[in-house]
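A quick write-up on the structure given underneath.
Readers should treat all values here as calculations from the given coordinates under stated rules, not as data from a laboratory. Values in this document were obtained by computation on a predicted structure and should not be read as measured data. Cβ coordinates were reconstructed from backbone atoms using ideal geometry, including for glycine residues, and neighbour counts include every protein chain displayed.
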DNA sequence: AAGTGGTCTAGACCACTTG
DNA sequence: AAGTGGTCTAGACCACTTT
């Protein structure tokens, strides 16, 4: 006998490292400060660079760090609380708020999963509006809003429009509908190539995928698929008045 | 000249691998089926095992795969849609629904972030109720519900209780309050050691952290921090009637 | 005991940003 | 050109589950 605790809990190195770094971040670093580079850190802690990276990846996933190739690793600010309006006028597509910035609009046949949600025909093309949402001058979310042509009949006449102008036109028509409600789902995903570019992240970066169904006239009038940067965003589902963009950190359980 | 596309887009191997595997999963495998082991797969694709693992990790993050040490890698079923009630009677702690299963209850001083949300004193101990939520016989979420002693004054008399019985007592008292509303935030996190055990995952596994503020008598009466398995869960925020446990996959953008 | 995924190493090269 | 993080390799050993 002698050692009961030491051998019986072979905590992975990267896990222990993460804990140590996490505490150091709380006490010895300020937001925005750059950490020593990975080679220096791995040497200092006496581990391989891959192991050190495993710890950094976790901390980045938790929104504690921000890493940029060619630049370095910096201490991330607390996550931004972004309101994903539940039934306030807020999120109704087409409203003049500039939460969302129209980018483009094409007609295409949506992915099978979206077709299923729309309940429309399988080969049908729908207006696909591309929008981005920004905060503090940075893009934090990219959305594809799928609006079946049947839902906005007034549009065919304005055909010639393209790009952002076209997107605005579709949204304007869409706004004419009396929206009856929305329906949301949130899940974890990883950024595709296009999303990654818009979010200024590498492909595969973790994102929170918010799928919204917009109801009008008893049917699903549109489906939105928004991808939020999971590293920098905390999605808030208000209800109690406060239309907040609360920047206060919510919680982190004992590590 | 000659090659413009080939050299200009040096897509990472693991990314390409992920795409190939993803398509194979759609066409050649059934849910629950076990894949060849990592050494075989890496050999078959002519890459190092670490590279293969990078692709598998992403697919697991997206809920397409499930890996268990000592067992193997299997094709995951579509994510489970779990309702995170917005203001339906549903989620009121203490209701007899068995969405949540009381596990334990201790009095302790909560993490700083929770203290901030509660607006209570800093050194104050609060009733900390531990609950788990299951679906299909598996635990999908673990929650710590922080209830300040001041909010449930009727409890001190029943002191001797402990464990799950104590938890039920606190919830019963809490239910007596007239809840006025809730407030939620969702963000990405990684499972701590205790959470991981309850969720049957390894520490560091990705989780969706749902922070709920319960309002009563014009104050924050309790704060819940729930961690949902991000690999298997899709959180739904109903509003349109349907109290669903929709098991249909919502979407996945073109890879 | 055998087979699986999980951790770790030491090194190499690449893509990107910045002076 | 120098410095950063990102990708990739080939191998080793460990922890866990199943037989």
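Along Cα→Cβ at 7 Å, what distances in nm separate the residue B:37 label point from those on the other copies, shortest first?
3.9
Applying 1/(1 + (r/R0)^6) with R0 = 51 Å to the Cβ-Cβ distance of residue A:69 and residue B:125, what FRET efficiency is obtained, to the nearest 0.05?
About 0.65, to the nearest 0.05.
So, in nm, how far is label residue B:24 from label residue B:101 when the simple model puts each one 7 Å beyond its Cα toward the Cβ?
So the two model labels end up 3.6 nm from each other.
If I take the Cα coordinates of the stretch A:80-236 and project them onto the principal axes, what are the three extents in Å, biggest first?
Taking max minus min along each principal axis of the Cα atoms, the stretch A:80-236 gives 41, 30, 29 Å.
Counting only C-alpha contacts under 8 Å and six or more residues apart, can you give the relative contact order of the stretch A:10-75 as a whole percent?
41 percent
If you put a point 7 Å past Cα along the Cβ direction, how far is that point for residue B:202 from the same point in each other copy, in nm, smallest first?
Residue B:202 label point versus its equivalents elsewhere: 2.0 nm.
List, shortest first and in nm to one decimal, how far the label point of residue B:103 (7 Å from Cα along Cα→Cβ) is from its counterparts in the other copies.
So the distances to the same position in the other copies read 4.0 nm.
Among B:122, A:134, which comes first, second and so on when ranked by fewest other beta-carbon atoms within 10 Å?
Listed from fewest to most nearby Cβ atoms, that is B:122, A:134.
Among A:226-235, A:144-153, what's the highest-first ranking by average C-beta atoms within 10 angstrom per residue?
A:226-235, A:144-153
If you bin the C-alpha pair distances of the stretch A:10-75 every 10 Å from 0, what whole percents do you get?
All Cα pairs, binned at 10 Å, distribute as 21, 62, 17, 1 percent.
Provide A:68, B:67 in ascending order of the number of other Cβ atoms located within 10 Å of each residue's Cβ, fewest first.
A:68, B:67
So if we plug the beta-carbon distance of residue A:16 and residue B:172 into 1/(1 + (r/R0)^6) with R0 = 41 Å, what FRET efficiency do we get, rounded to 0.05?
0.50
Just want the ordering: A:128, B:236, from fewest to most Cβ atoms lying within 10 Å of their own Cβ.
Least crowded to most crowded, the residues run A:128, B:236.
According to the Cα gyration tensor, what semi-axes, each the square root of 5 times an eigenvalue, does the equivalent ellipsoid of the stretch B:133-200 have, listed from largest to smallest in whole Å?
One finds semi-axes of 26, 17, 12 Å for the stretch B:133-200.
Compute the relative contact order of the stretch A:80-236 as a whole-number percentage, counting only Cα pairs closer than 8 Å that sit 6 or more residues apart in sequence.
Reported as a whole number, the value is 27 percent.
Can you give me the distance in nm between label points at residue A:44 and residue B:39, each placed 7 Å from the Cα along the Cα-to-Cβ direction?
According to this spin-label approximation, the distance is 3.8 nm.
In peptide B:228-237, what is the residue-averaged number of other protein chain Cβ atoms found within 10 Å of each Cβ?
Mean partner-chain Cβ count within 10 Å for B:228-237: 5.
Residues of B:204-212, mean number of Cβ from any other protein chain within 10 Å of their own Cβ, rounded to a whole number?
4
In peptide A:53-66, how many Cβ atoms from other protein chains are near each Cβ within 10 Å, on average?
Mean shielding count: 2.
Name the residues of the stretch B:102-127 whose amide N is less than 18 Å from a point 7 angstrom out from the Cα of residue B:162 along the C-beta direction?
So the set is B:103-109, B:127.
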